[in-house]
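Since the structure comes first, as structure tokens, the remarks are kept for the end.
The values are calculated or read from the model by the stated rules, or taken from the named source; none is laboratory data. These numbers come from a predicted model, not from an experiment. Glycine gets a Cβ as well: all are built from the backbone with ideal geometry, and neighbour counts include every protein chain shown. Quick note on the areas: whole protein, heavy atoms, side chains included, nothing else; ligands and nucleic acids left out. Shrake-Rupley method; radii C 1.70, N 1.55, O 1.52, S 1.80 Å.
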Amino acid sequence: MNRNYQEAVTLASQCTDRSAFDDEIVIQAYRLITLASLRQGALVQARSAVTNILQIDPGYTADPVNDPPAYDLFVSLVRREENIENTADAETDTEEPSPAPPRRNEGGLFLKLIGVGLSDYTGDLPVGTTGHPFDFQEASTGFGAPYLFTAELGYEFSSNLALVLGVQTGNYPIVGYSTGNNDIADSWRHTPQLLVRYTFGAAGEAVAAYLDAGANVTFGGGGIASPGFGPSVGGGVDIPLSNTWSFFVESRFNFTLPDNAIDGTSYPEDVQVERPPKGSITGPFDSVNQLLGIGLRVRFGGAASGSAAQE
């Protein structure tokens, strides 16, 4: 009656302790706080008081006879807002999680398909010529174009390690070039490989880099050529297209011994010839390389890793 609204709020607030007062008294206290707050235009404080009333008595309604119409309307509005918020929270709790982006599968069998690339031979060449993997002599010398095909079957472990059985078969135009190719039937070589692959980064990354290391046997060519054996090293990048398919870009180098195996040429230092061949940067090793290869891999089984698997 005296318009001391703030004092009314202060006094009523002393009666809101439910451990000290009955719920009916507490509700009456919050009612007074609401009325005084509305008179002051303190809508946030008024809403908080009505919310507390509804928490004590969810079925609470204003008295249409003894309560002002503004109070009755305000209680109705707060009740409506509370119902909407509660419904939204319930829908959020039961809402299906949004699908995670494609991740590569972790573990299980995988198969390389449609692998093609540029081939390179690094080995014994005629005097005056030094070979290295990026000399691109195959583009202008020898027989045919420098290309190859690759395939692999592997098993990936969850520790980012994989065991891979692969094969590389291709045309190496200048293999045996130092002999004039007179004693070698053709320039095609076939290279089965047994590799251990380590994939970097946490499982499930969108793009995964990997390194390979292992051994190979290389054969073909006929004539004085013979099978060669040696280490293989390489690496690449695997880019998932889905949880099953991925696109890869890679390179690999396959070194072979003895020196006269795949190219039929070996000139020890104590053997004098009229025009000895010039060795390559690989020394006593020869190598049949995949300078750049691309293709597709498909994975069988395993679980989609990372957040996708958790979802």
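On the basis of being at pLDDT below 85 and open to solvent by 100 Å² or more (accessible area, probe 1.4 Å), does residue 44 make the cut?
So residue 44 does not fit the description; no.
Among all residue pairs at least 6 apart or on different chains, which show Cβ distances below 8 Å where the first residue, located in region 231-250, is under 14 Å from residue 206 (Cβ atoms) and at pLDDT below 95 and the second is among the hydroxyl-bearing types (Ser, Thr, Tyr) and surrounded by 15 or more Cβ atoms within 10 Å (Cβ to Cβ)?
Filtered contacts from region 231-250: 237/210; 238/199; 238/210; 238/246; 239/246; 240/246.
Test residue 62 against the criterion of being open to solvent by less than 40 Å² (accessible area, probe 1.4 Å), among the small types (Gly, Ala, Ser), without any contact (Cβ under 8 Å) to a residue 24 or more places away in the chain and closer than 17 Å to residue 75 by Cβ, and give yes or no.
It is true that residue 62 is open to solvent by less than 40 Å² (accessible area, probe 1.4 Å), among the small types (Gly, Ala, Ser), without any contact (Cβ under 8 Å) to a residue 24 or more places away in the chain and closer than 17 Å to residue 75 by Cβ.
Can you find even one residue in region 104-124 that is modelled with pLDDT under 85, open to solvent by 60 Å² or more (accessible area, probe 1.4 Å) and of a type in the set (S, T, N, Q)?
No, every residue in region 104-124 fails to be modelled with pLDDT under 85, open to solvent by 60 Å² or more (accessible area, probe 1.4 Å) and of a type in the set (S, T, N, Q).
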